[in-house]
Amino acid sequence: MSNPSDKTETRMNKQPEKRRADLLNMSLEEIKSDLVSLGEEHYRGDQIYQWVYRDVAFDEMTNLSKSLRQKLAQNYIIGTLKQLKRLISADEHTIKYLYLLSDNNIIECVVMKYRHGNTICLSTQVGCAMGCSFCASATGGLIRQLNAGEMMAQVLESNRDLAKLGWNPVSNVVLMGSGEPLDNYENTMKFIHQIHHPKGYNMSYRNITLSTCGLVPKMRALADEGLNINLAVSLHASNDNVRKKIMKVANVYSIEEIIDASRYFYAKTGRRITFEYVMIDGVNDRPELAAELSQLLYGFPNHVNLIPLNENKQNKKKRSNNTAIREFMSVLRSYGINVTIRREMGSDIQGACGQLKADFMEKL
């Protein structure tokens, strides 16, 4: 008969399994530092960093010794996502992915095919705290931040699937999926630096667009980073009264503050600002509001992107009709504003932020 004290001693002596770090969430400098602590030469970090973005397992890293590959397998993972759902639009220009994270949270991203290459619109948070009334992402509020590795995994996991479909890999990134990138500033900046790194994914800063609903202090901090990325500002109104009806953040930062921060970004980077403007029937689509918007944006390089609302079950707002959208555009052009109407992509596969996830969760 066994002694109960033996079992107690066994449980006490059993060491918890070491949690392995995700190499996708580590900068090159962090990897090199770790390698030195493991008794390896720091230059091995360059080799490992390059392998991480080539979709290979540790035992396939052929220029590393067997002992080092074993150390990597014992101490690290290369993060992946589980694909829960994939929807392809009827025109085969848009793919929507639903991914499961390691903690069983769910995120989504969209890949769009353009003449200039494939663009991924990825998520930076699980959920969103901004509460914009027309967006399905904010339905459940903010659950948690995504780390840089989880953002990168969306790119690499999508590339794996694109290769199976005969598509080219992603060449452009838009941080405009679920979540507010500047509300997750440190992780977002780490991701941008990592996807740009010439020994990693090597994407040009000019191929990266960050979209914000107008977190003014972080917009200014981003400008001070001095990166030549593109900035898109989700404005959606020409005055604070209208904006407060559809965006909670309007109660914190005024349009005047947002435009000042946008001008500051241009002065620091020389990059033209894009102002996103969702066209909502009877809310922000009157011609006099277009004239007001023109006055607001006068005097510095910018572009207005009119977006017909992608209607969803999470709110009762309706998209503006085509006549109203064209008239709004005509007024802006009469004032010399550079304006286009966004090409609608993926509406048949719930392409707008948060829609696919919301629908999936309803059916669980």
* Structure fact -> Sequence order, the stretch 170-176: Karplus ³J(HN,Hα) from phi using 6.51 cos²θ - 1.76 cosθ + 1.60, θ = phi - 60°, Hz rounded, Gly and Pro as x, gives 5, 10, 9, 10, 10, 8, 9
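Loop-only trypsin sites (Lys or Arg not before Pro) in the stretch 67-158, please: DSSP not H, G, I, E or B, and at most 16 other Cβ atoms within 10 Å.
Arg115
In Å, what Kirkwood hydrodynamic radius results for the stretch 120-223 from the alpha-carbon pair distances? Numbers along the way, then the final one.
Numbers: mean 1/r = 0.0702 Å⁻¹.
Final number for the Kirkwood radius of the stretch 120-223 is 14.2 Å.
Hey, what's the Kirkwood Rh for the stretch 101-157 if you take every pair of different alpha carbons, in angstrom? Don't skip to the end; give the middle numbers.
Details: mean 1/r = 0.0799 Å⁻¹.
One decimal place: 12.5 Å for the Kirkwood radius.
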* Volume per residue, Å³, of the convex hull around the alpha-carbon atoms of the chain? -> 185 Å³
* To do: Report the residue, chosen from Tyr298, Tyr201, Tyr253, that carries the largest GNM mean-square fluctuation when the chain is represented by alpha-carbon nodes joined by springs under 10 Å.
  => Tyr298
* **Inter-label distance for Glu186 and Ile88, nm, one decimal - labels placed 7 Å from Cα along Cα-to-Cβ** => 4.1 nm
* To do: Mind listing the long-range amide H neighbours of Phe275? Cut-off is under 5 Å, sequence gap 5 or more, other chains count too, H placed in the peptide plane at 1.01 Å from N.
  => Val233, His303, Val304, Asn305
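Bear in mind these aren't lab numbers, they're just calculated from the coordinates by the rules spelled out. If you're wondering where the values come from, they're calculated on a predicted model, not measured in any experiment. Cβ sites come from the backbone with ideal geometry, for glycine too, and all protein chains shown count toward neighbours.
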